[in-house]
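K.L.:
Got a structure for you, questions after.
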Amino acid sequence: MTINKDVIIACDFDSSKELDVFLKKIKTKKVFLKIGYQLFYKIGLEGIKKYKKQGYKIFLDLKLHDIPNTVKMGVKSLADLNIDFLTIHAAGGINMMKAAKEYCKKTKILAVTQLTSIDQKTLKNELLINKPIKDVVLKYASNAYKAGLDGVICSVWESKLIHSKISKNFLTVCPGIRYQTTQAHDQKRVADPKTAKKETANYIVVGREITKSPNPKLIYQKIINDFLN
């Protein structure tokens, strides 16, 4: 099995117009776009279709999390978009994750393990989970694998563990990518692109590092070089 690797740009814009302006600035090959709540609620299904038609790969980051049947029917409503990636929450359990795969054969379904804004202190004090965060992420990833999903969203720091304990063909998609010279913002478990490569991440998700840069094309190419070359 051939595993692709790529840099995904988190498109946290307020409108299709803002995204179009950004894409003109980046002036490069058709990039992989992550569209989350902020933009999806503005552009809807028709906006997703627009960018797919233009040839962009689309990661629709909706983090679906509900009872199994509700998630199944939600995924069914998105199936004809033929997007590349779609997220659900691993915390919904194995049956919910299995249900998500029923109507979506072409799209890779990825389970969110623990957000990169969650650290060990938050896990223990707010979520009442006393296990080490790597153990929690590995368990959630194992459940996702048993459910037949294609991979998980995790931090760079769990990627190698997941590949060694579960399968090297199980995708790890890693947000929280920052250079040491930039702010982590609300992310806590962060790493730079070269570290992500060393830790066997399959895909990295980069947002403000690129989208807020005065020269997004230059920083995007630097990240590509550091992660892929």
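The values are calculated or read from the model by the stated rules, or taken from the named source; none is laboratory data. Quick caveat: nothing in here was measured; it's all calculated off a predicted structure. Methodologically, a virtual Cβ is constructed for each residue, glycine included, from the backbone with ideal geometry; neighbour enumeration extends over all protein chains shown. When the accessible area is computed, the model is the full protein with side chains, heavy atoms only, and any ligands, DNA or RNA have been set aside. Shrake-Rupley method; radii C 1.70, N 1.55, O 1.52, S 1.80 Å.
K.L.:
Within 14 Å, Cβ to Cβ, of Ile88, how many net charges do the neighbouring residues add up to if Lys/Arg are +1 and Asp/Glu are -1?
P.N.:
Residues close to Ile88 contribute a combined charge of +2.
K.L.:
Sum up the charges of everything whose Cβ sits under 13 Å from the Cβ of Ser164, counting Lys and Arg as +1 and Asp and Glu as -1, but leave Ser164 out.
P.N.:
+2
K.L.:
Further question: At 18 Å minimum axial length over the Cα atoms and a Kyte-Doolittle cut of -0.5, report the qualifying DSSP H helices in the chain, or say none.
P.N.:
133-146
K.L.:
Candidates (1) 44; (2) 73; (3) 47; which is the computed percent of Cα pairs over 23 Å apart?
P.N.:
Calculated percent of Cα pairs over 23 Å apart: the matching label is (3).
K.L.:
If packing is taken as the average number of other Cβ atoms within 10 Å across a peptide's residues, how do 219-228, 41-50, 197-206 rank, most packed first?
P.N.:
197-206, 219-228, 41-50
K.L.:
So what is the accessible area of the chain per residue, in Å², with the probe set to 1.4 Å?
P.N.:
For the chain, the solvent-accessible area averages 50 Å² per residue.
K.L.:
May I have the pair-distance distribution P(r) for the stretch 119-212, computed from all Cα-Cα distances with 5 Å bins from 0 and rounded to whole percent?
P.N.:
Result returned by the calculation: 3, 14, 23, 21, 19, 14, 5, 1.
K.L.:
Something else: What length, rounded to one decimal in nm, is gained on full extension from Asp135 through to Ser164, with 0.36 nm per residue of separation minus their alpha-carbon distance?
P.N.:
Contour length minus the Cα-Cα distance gives 9.1 nm.
K.L.:
Of Lys30/Lys50; Lys63/Lys168; Lys57/Lys198; Lys194/Lys222; Lys57/Lys105; Lys63/Lys139, which ones are farther than 20 Å apart at the Cα?
P.N.:
In this structure, Lys63/Lys168; Lys57/Lys198 lie more than 20 Å apart at Cα.
K.L.:
Provide the gained length on full extension for the span Asp20 to Lys52, in nm with one decimal, where the gain is 0.36 nm per separating residue minus the Cα-Cα distance.
P.N.:
10.2 nm
K.L.:
Also: So, counting K/R as plus one and D/E as minus one, what does the shell of residues with Cβ under 13 Å around Lys27 add up to?
P.N.:
So the environment of Lys27 carries a net charge of +4.
K.L.:
Taking the Cβ-Cβ separation of Thr28 and Glu102 as r and a Förster radius of 41 Å, what is the calculated FRET efficiency to the nearest 0.05?
P.N.:
So, using R0 = 41 Å, E works out to roughly 0.65.
K.L.:
Select from Gly55, Gly207, Gly36 the residue whose mean-square fluctuation is largest in a Gaussian network model of the chain (Cα-Cα springs shorter than 10 Å).
P.N.:
In the Gaussian network model the winner is Gly55.
K.L.:
Now for a different question. Students often forget the sequence filter, so: which aspartates and glutamates lie under 15 Å Cα-Cα from Lys72 once same-chain residues fewer than 8 apart are removed?
P.N.:
Once the sequence-local aspartates and glutamates are set aside, what remains near Lys72 is Asp80, Glu102.
K.L.:
Rounded to the nearest Å, what's the spacing between the alpha carbon centres of the stretch 37-94 and the stretch 144-161? Just the number, please.
P.N.:
18 Å
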